[in-house]
Amino acid sequence: MLPPLGAKSRQESLLESLDEFVDDGVIDDVSITIIGNRLCLCDTCTKTDAESALINRFKELDDWGREYDASTSPFFETHTLDSRMAGETARALVPPRICVALYCDGDLSGVFPCEMGDVLVSATDFVSTLAELSEDRQIVVES
């Protein structure tokens with residue numbers, strides 16, 4: 001589950017920023033799920049509890065965008081893998097290296113990275129914007 005070294009430092013930096021937001025009271029909590037490079041989409045694997053839960057979570061993240069004219073689909077890719085030596089083919093879901101799901105009062109309120117119209121919003125963009133807004137205390141959450 002070791003990501004490429006360039007991605008590893010970006011992940012660590014993002015997590016440090018999110019932990020600081022918790023310490024400063026900007027957000028309530030951070031929960032981390034480590035997935036790895038890809039999920040097998042075969043019938044056997046998708047029936048396991050762990051993989052089924054992850055696939056359901058990814059579906060929830062993708063469904064979020066419909067209400068906001070946004071999409072996470074470009075960042076959760078499906079690949080077909082072929083091995084001539086083994087004579088096998090498999091399908092895999094490849095998630096982004098970093099993904100942030102924002103929940104407000106238990107409801108999914110944002111997913112990053114996402115595509116909104118022609119604009120791509122990365123997890124880093126979200127954290128940077130959150131830092132700017134929290135600096136000036138411009139964050140407003142309605143209940």
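Nothing in this text is a laboratory measurement; each read-out follows from the coordinates by a stated rule. Since we're looking at a predicted model, the values are computed, not measured. Neighbour counts run over all protein chains shown; Cβ positions are idealised from the backbone, glycine included.
Scan around ILE27 for amide H atoms under 5 Å from its own, H built in the peptide plane at 1.01 Å from N, and keep only partners 5 or more places away or cross-chain.
Under 5 Å from the amide H of ILE27 lie the amide H atoms of VAL22, each far enough along the sequence or on another chain.
State the label only: which of (i) 13.2; (ii) 9.9; (iii) 10.7 corresponds to mean projected area of the Cα convex hull in nm² computed from the shown model?
Comparing each candidate, only (iii) matches the computed number.
Using modelled backbone amide H atoms (1.01 Å from N, in-plane), which distant-in-sequence or interchain residues come within less than 5 Å of VAL111's amide H?
LEU102
Taking θ as phi - 60°, what are the ³J(HN,Hα) couplings along the range 34-43 by the Karplus curve (6.51, -1.76, 1.60), each to the nearest whole Hz, with x for Gly and Pro?
My calculation for the range 34-43 gives 9, 10, x, 6, 6, 10, 6, 9, 6, 4 Hz in order.
The chain: longest stretch without exposed trypsin sites (Lys or Arg not before Pro) (DSSP loop, at most 11 other Cβ within 10 Å), sites themselves excluded?
85-136
Please give the per residue volume of the convex hull enclosing the alpha carbon atoms of the range 28-71, rounded to a whole number of Å³.
111 Å³
Starting from the 7 Å offset along Cα-to-Cβ, what nm value, one decimal, do you get for the label separation of ASP24 and ASP107?
Reported label-point gap for ASP24 and ASP107 is 2.6 nm.
What ranking, highest mean first, results for peptides 68-78, 25-35, 99-109 when packing means the other Cβ atoms within 10 Å averaged over each residue?
Values: 68-78: 15.4, 25-35: 11.0, 99-109: 13.4.
Output ranking for 68-78, 25-35, 99-109: 68-78, 99-109, 25-35.
Would you please give the residues with an amide H less than 5 Å from that of ARG91, counting only those at least 5 places away or on a separate chain, with H modeled from the backbone geometry?
Amide H to amide H, under 5 Å and 5 or more residues apart or across chains, ARG91 pairs with LEU41, CYS42, LEU81.
Taking 0.36 nm per intervening residue step and subtracting the Cα-Cα distance, what contour gain separates GLU135 from ARG57 on full extension? Can you show the working numbers first?
Details: separation 78, 0.36 × 78 = 28.08 nm, distance 3.11 nm.
Answer, rounded to one decimal: 25.0 nm.
Relative contact order for the chain using alpha-carbon pairs under 8 Å, separation at least 6, rounded to a whole percent? Mind showing how you got there, number by number?
Values: 148 pairs, mean separation 29.6, N = 143.
Answer for the chain is 21 percent.
From the phi angles alone, apply the Karplus equation (6.51, -1.76, 1.60; θ = phi - 60°) to the range 18-25 and give each ³J(HN,Hα) in whole Hz, x where the residue is Gly or Pro.
Once rounded to whole Hz, the list reads 5, 4, 5, 4, 5, 4, 8, x.
Expressed as a whole number of Å, what is the distance separating the alpha-carbon centroids of the range 91-105 and the range 1-75?
Value for the Cα centre distance between the two parts: 3 Å.
Once phi is turned into θ = phi - 60°, what whole-Hz ³J(HN,Hα) does the Karplus curve with 6.51, -1.76 and 1.60 give for every residue of the range 114-121, x standing for Gly and Pro?
So the Karplus estimates, Gly and Pro as x, are 8, 10, 10, x, 9, 9, 9, 10 Hz.
May I ask you to derive the relative contact order of the range 45-96, considering only C-alpha pairs under 8 Å and at least 6 residues apart, and to give it as an integer percent? Write down the numbers at each step before the final one.
Working: 39 pairs, mean separation 11.9, N = 52.
Relative contact order, the range 45-96: 23 percent.
How far, in nm, would the chain grow between LYS47 and LEU15 when pulled straight, counting 0.36 nm per residue and subtracting the alpha carbon separation?
8.5 nm
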